[in-house]
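K.L.:
Provided herewith is a single structure, encoded as structure tokens, for subsequent inquiry.
The numbers here are math on the coordinates, done by the rules we state, and not lab data. Everything numeric in this text was worked out from a predicted model, so none of it was measured. In this analysis, Cβ positions are derived from the backbone assuming ideal geometry, glycine residues included, and neighbour counts consider all displayed protein chains.
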Amino acid sequence: GSQGDKGSIGDKGTKGDSGLSGNQQNNLELSPYFLALTFPNGKIVGDKIFMTSGYEGNFDDLKKKCMQAGGQLASPRNNEENAAVQQIVFTHDKSVFLGINDIQTEGKFTYLDGKPIVYSNWQPGEPNNDKGIEDCVQVFSTGKWNDKSCDERLLILCEF
Ligand code: IPD
Ligand code: CA
């Protein structure tokens, strides 16, 4: 491209004196390399990249695949990250599992490391643990969350 130096790929950087992250300082999100790599399967939000490979499977399958790739299942921690997840779900017209569940203790949703969630975007009436078998979390194309059986087969969405 002709947009000048955007910094090097992989330079995620820590926040410096400017208060901006390395990505923001270098405008990596606008680099033609990132635009190409994230089309149409990924989204960059700050220092996080959400990416699907198109694979579909149950929660355990998807969790394992993300970890083997060096990432983890998407775990949006704020509205901006959830909007990125929503956009990928919408584009592919398939819902995804998050890296969030209440397998350990019914009603207590945690990240994969067991810590309690700091953000949620439940659909009204959810989570309802329908039929007593819903311990995983799917995202609809509206961006809203529903607890769902971990045995469902949904689209993979990892974060890196
Ligand atoms: C269920 C309903 C319910 C939701 C469950 C779903 P189903 O779908 O949409 O509102 O809370 O998670 O499984 O079983 O009626 O097709
Ligand atoms: Ca439910």
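K.L.:
Suppose each label sits 7 Å from its Cα in the direction of the beta carbon; what would the LYS115-ASN41 distance come out to in nanometres?
P.N.:
For the pair LYS115/ASN41, the computed spacing is 2.9 nm.
K.L.:
What is the spin-label model distance, in nm, from GLN87 to ASN27 if the labels are put 7 Å beyond Cα along the C-beta direction?
P.N.:
Going by the 7 Å Cα→Cβ label model, 1.8 nm.
K.L.:
So, one more: Packing-wise, with mean Cβ within 10 Å as the measure, how do 147-160, 79-92 rank, highest first?
P.N.:
147-160, 79-92
K.L.:
What does the charge count around ALA84 come to, taking other residues whose C-beta lies under 14 Å from its C-beta (Lys +1, Arg +1, Asp -1, Glu -1)?
P.N.:
That works out to -2.
K.L.:
Under 11 Å from a point placed 7 Å out from the Cα of THR142 along the Cα-to-Cβ direction: which residues of the range 115-136 have their backbone N that close?
P.N.:
Within reach of a label on THR142: 122-126.
K.L.:
Length gain on complete extension for the stretch ASN129 to SER149, per 0.36 nm per residue less the alpha carbon to alpha carbon distance?
P.N.:
6.3 nm
K.L.:
Here's another thing I want to ask about it. Any idea how many Lys pairs in the range 104-160 come in under 19 angstrom at the alpha carbon, given 8 or more places apart or on separate chains?
P.N.:
Pairs that pass both the separation and distance tests number 4.
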